[in-house]
Structure formats: structure tokens, C-alpha cells
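Remarks on the structure that follows.
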Amino acid sequence: MAKATHVPPWERPLWTCPTCGQHYVTRNMWHSCAVVPWEAQFEGRPKARALWDALRAMVEAEGPVEIVSTRTGLGFMTRVRFGGCQVRKDYLRCGVWLKRRYESPRIVRIEQWGPRDFGMFFLVHEPDDLDDEVRRLFREARAVGDQEHLRQPAVRASRP
């Protein structure tokens with residue numbers, strides 16, 4: 001009998017939904033199969049489109065990403081979706097997934113999804129808003145998207 005080999009989570013193949021073709025780390029993960037061409041998000045929104053182009057260039061400068069477009073917004077994905085935005089008329093409402101809480105005056109909303117999972121949301125009104133702080137947030141979120149945190153040994157609390 002062949003011995004089963006352990007495949008680390010960051011090396012497992014992604015599951016592809018047979019209906020919509022979207023990729024996920026777990027089979028049959030809940031999602032909407034409504035896929036919208038990403039260009040359609042910007043009809044009548046030239047300022048938002050210019051901001052998106054700048055944001056996308058900034059994120060892609062760190063390496064290739066898959067753009068995921070749904071009815072509610074646009075996402076950036078490597079192994080998992082790590083950030084993205086909702087398109088408004090003349091600005092973007094951006095969010096990133098971090099493994100820690102991040103404090104900054106520009107954060108307009110924080111959602112805690114688990115003990116070490118946080119959604120950090122901020123607004124992009126002007127190209128200058130895409131500064132070093134936003135670049136660092138997306139870089140850190142991309143490591144979550146790459147599942148780098150799973151490669152770290154678990155930290156256990158020591159007992160007295």
C-alpha cells in the first residue's frame with residue numbers, strides 16, 4: 001500500500017467552480033457565480049477608472065495577480081483573495097485582508113473575521129492616496145493571499 005504524502009496547504013491545487021470558473025482554496029466554497037467583466041464596473045465612471053488603473057498597476061508591480069470581478073466589486077487574488085475595491089462614482093472603497101489589526105487615521109472600517117483575521121478598509125479619492133502606506137498594506141495583504149502565514153510554525157502559549 002502506498003504511503004499517503006502530506007501536501008502543504010499553499011501547494012494544494014485550487015478548486016475551480018464548474019459553473020463560473022472562479023478559483024478557491026476549498027472545494028464547494030460558498031460564492032456567487034455572478035461574474036461581471038471588470039471593465040463594466042467603470043461605465044460612466046472615468047475618475048474611478050483612472051484610480052483603478054493606478055491601484056492595479058501598484059498591486060501588479062509586486063507580481064502577477066488574478067483580477068476577480070463580481071457584482072459588488074473587484075478583487076486581487078494570488079492563492080486567495082487578499083484585497084480589492086468597490087467602485088464608486090469618483091472614488092474607490094478599498095480593503096485588504098491582514099493577519100493583524102492595523103491602526104491608521106485613513107482606515108474607515110475594521111472588520112474582525114476571526115482571532116487573527118482583519119479586513120481593513122480605506123478610501124481612495126485621488127491618485128496621491130495611493131502612497132507608500134497603501135503600497136505596504138497591499139504588500140502585506142498579498143502575503144496573506146500567498147498563504148505565507150501557513151508556512152510559519154504555530155506559536156503556542158507557554159504554560160507556567
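Just so you know, all these numbers are worked out from the coordinates, no wet-lab data involved. In this text the structure is predicted, and so the values were computed from the model without any measurement. Cβ placement follows ideal geometry from the backbone for every residue including glycine, while neighbour counts extend to all protein chains displayed.
Work out the length of the dipole vector of region 34-148 about its Cα centre, built from +1 on the beta-carbon of each Lys and Arg and -1 on the beta-carbon of each Asp and Glu, and round it to the nearest 20 debye.
The calculation lands at about 400 debye.
Using Cβ contacts closer than 10 Å as the measure, can you line up L92, L130, L14 from fewest to most?
Starting with the residue having the fewest Cβ neighbours, the order is L14, L130, L92.
Check S69: other-chain or 5+ apart residues with amide H under 5 Å from its amide H, H built from backbone geometry?
V36, G75
Which value results for Rg/Rh of region 34-148 when Rg is the Cα radius of gyration and Rh the Kirkwood radius based on the inverse mean 1/r?
Radius of gyration over Kirkwood radius for region 34-148 works out to 0.94.
For a protection proxy built on the mean count of beta-carbon atoms within 10 angstrom, sort 75-87, 111-123, 132-144 highest first, please.
Peptide ranking by packing, descending: 75-87, 132-144, 111-123.
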